[in-house]
Amino acid sequence: MSEFVIRRATEADTDGIAQTRAASIRGVCAKDYSPEQIESWAGELPAESHLEFMGKSHYLVAEDDDQLLGFGVADLEGAEILALYVHPEALGRGVGRSLLQAMEGASRDAGRDALQLLSTLTAVGFYERMGYARGEDTSHTLRSGIEMACVRMRKVLG
């Protein structure tokens, strides 16, 4: 198994981020959401939309030999994990864990003592293994107006 690096995302990563996001949604989350939810969710953020968010959020990518394996987005000011996606072909390599730990470290460095997030049903078990406590069941409304079930989670940073 080859190593991968975690680094700050750049403008050159936007296509890979959009492709990884869509592949992750379609390949990982389909067991927990309807086809309508999956397609609406997978198609709602084109590559160029990530540029706008990069200026406002802490964007990280995991890369192996110039191949994007996953990405994560944290709002350091708001102490919230906004996104964490791993390409289906990279599952089981520690990509999600490494990205999450890097975002937690950046949050600690920014003076945050806890993080919150809105988890997909698919990722709840992962976040629990990473020390996040399950909160209330809720929903998220996609830009299309379609709702999807999710779970609020929180972790106190040590």
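The values are calculated or read from the model by the stated rules, or taken from the named source; none is laboratory data. Computed from a prediction, not measured in an experiment: that's the story for all the values here. No Cβ is skipped: glycine too gets one built from the backbone with ideal geometry, and neighbour counts run over all protein chains shown.
Details
- Those residues of the range 44-72 which are surrounded by 14 or more Cβ atoms within 10 Å (Cβ to Cβ), out of contact with any Phe, Trp or Tyr (no Cβ under 9 Å at 6 or more places or on another chain), at pLDDT below 90 and part of a loop (DSSP other than H, G, I, E, B), in sequence order: E44
- Test result for S144, under 26 Å from I38 (Cβ atoms) and either in contact (Cβ under 8 Å) with a residue 60 or more places away in the chain or surrounded by 11 or more Cβ atoms within 10 Å (Cβ to Cβ) (or both): yes
- Of the residues making up the range 19-62, those that are in contact with a Lys or Arg (Cβ under 7 Å, 6 or more places away or on another chain) and either of a type in the set (G, A, S) or within 26 Å of R7 (Cα to Cα) (or both) number 6.
- Meets criteria (touching a residue at least 60 places away in the same chain (Cβ under 8 Å), touching a Leu at 6+ places or on another chain (Cβ under 9 Å) and not in a helix (DSSP H, G or I)) for R112: no
Residues checked against (1) over 19 Å from R26 (Cβ atoms); (2) at pLDDT 95 or above; (3) outside any helix (DSSP H, G or I):
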{"position": "G96", "(1), (2), (3)": "no, yes, no"}
{"position": "S107", "(1), (2), (3)": "yes, yes, no"}
{"position": "G125", "(1), (2), (3)": "yes, yes, no"}
{"position": "G135", "(1), (2), (3)": "yes, yes, yes"}
{"position": "T138", "(1), (2), (3)": "yes, yes, yes"}
{"position": "S144", "(1), (2), (3)": "no, no, yes"}
{"position": "R152", "(1), (2), (3)": "yes, yes, yes"}
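- For the range 51-66, filtering for residues that are closer than 17 Å to A12 by Cβ and touching a residue at least 40 places away in the same chain (Cβ under 8 Å) leaves 9.
- Matching option when the condition is exposed (fewer than 15 other Cβ atoms within 10 Å of the Cβ), out of contact with any Phe, Trp or Tyr (no Cβ under 8 Å at 6 or more places or on another chain) and within 16 Å of L157 (Cβ to Cβ), among G135, G92, G78: G78
- Residue among G16, G105 that is among the small types (G, A, S), crowded, with 19+ Cβ neighbours inside 10 Å and over 21 Å from T141 (Cβ atoms): G16
- Checking the range 20-30 against the condition returns a match, with at least one residue being within 15 Å of D64 (Cα to Cα) and surrounded by 14 or more Cβ atoms within 10 Å (Cβ to Cβ).
- Qualifying residues in the range 1-13 (those that are of a type in the set (A, V, I, L, M) and touching a residue at least 12 places away in the same chain (Cβ under 8 Å)) - the one surrounded by the most Cβ atoms within 10 Å (Cβ to Cβ): A9
- The single condition from (1) closer than 16 Å to L157 by Cβ; (2) free of Cβ contacts under 8 Å to residues at least 24 places away in the same chain that G125 fails is (1).
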